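Below you'll find the structure, written out as structure tokens, and then a few comments.
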Amino acid sequence: MSERRYWFAKPYADFVARLRVPGGFVLVAAFLWLSQPSAESLAWGLPLALAGLLLRAWAAGHLAKNTTLATGGPYAHLRNPLYVGTLLTAAGFVVASRRVELAVLFAVVFGLVYLPVIELEEQHLRKLFPEYAAYAERVPVLWPHLTAQPSEAQFAWRLYRKNQEYQALAAFVAGVAFLIWKVRF
């Protein structure tokens, strides 16, 4: 099998992979500074953000990183449920914040940072798991298909904790609290 070609330069992907966490802090700062939520925007945005958080949690409970290829739970429907969950959560917070600037900023970051990281991770999984190629043939990258092959994989709280997904829950709660506080003041 030949080495996969990236739609970007691999050094760029390595560079942006290192920027993912610091970039997240910049996004949070912009969110804190710019958001102008209303009760109505919270009613529309927070359920979407919660759906993303729940997707992330479901995925984290099926993911044994670098040990076994996750193909059950949400991984039976799409290859990157953690990233889709992040995208949905961010979209929900953008809707709740009522700021187009944040939508543009989040979209740019997802396109320039997360998409290359997804490709890097896919390359890593192809090397680590020989069965990844067949899995990738039947399961889409980011847009889920509703039908999936049956799987016996079960959600495991141990994996949820090991993957430290509780940090996303804590950030979600803090974001919701901030938005509610900002509506009130």
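For the range 81-139, which residues satisfy the criterion of being under 23 Å from residue 23 (Cα atoms) and assigned to a loop (DSSP other than H, G, I, E, B)?
98, 99
Do we find that residue 111 is within 17 Å of the chain's Cα centre (by Cα) and under 17 Å from residue 31 (Cα atoms) in this structure?
no
How many of the residues making up the range 127-185 are acidic (Asp, Glu) and closer than 22 Å to residue 57 by Cβ?
2
Quick one: residue 70 ticks every box in (1) surrounded by 11 or more Cβ atoms within 10 Å (Cβ to Cβ); (2) part of a helix (DSSP H, G or I) except a single one, so which number is it?
So the condition that residue 70 fails would be (2).
Is it fair to say residue 132 is among the hydroxyl-bearing types (Ser, Thr, Tyr), under 26 Å from residue 24 (Cβ atoms) and out of contact with any Asp or Glu (no Cβ under 7 Å at 6 or more places or on another chain)?
No: the conditions fail for residue 132.
Return the only residue of 57, 76, 43 being closer than 18 Å to residue 135 by Cα and among the aliphatic types (A, V, I, L, M).
When all the criteria are applied, what remains is 76.
Is it true that residue 40 is assigned to a helix (DSSP H, G or I) and either modelled with pLDDT of 90 or more or in contact with a helix residue (DSSP H, G or I) (Cβ under 9 Å, 6 or more places away or on another chain) (or both)?
yes
The values are calculated or read from the model by the stated rules, or taken from the named source; none is laboratory data. The model shown is predicted, which means the values in this text are computed figures rather than measured ones. FYI the Cβ positions are ideal-geometry reconstructions off the backbone, even for glycines, and counts take in every protein chain you see.
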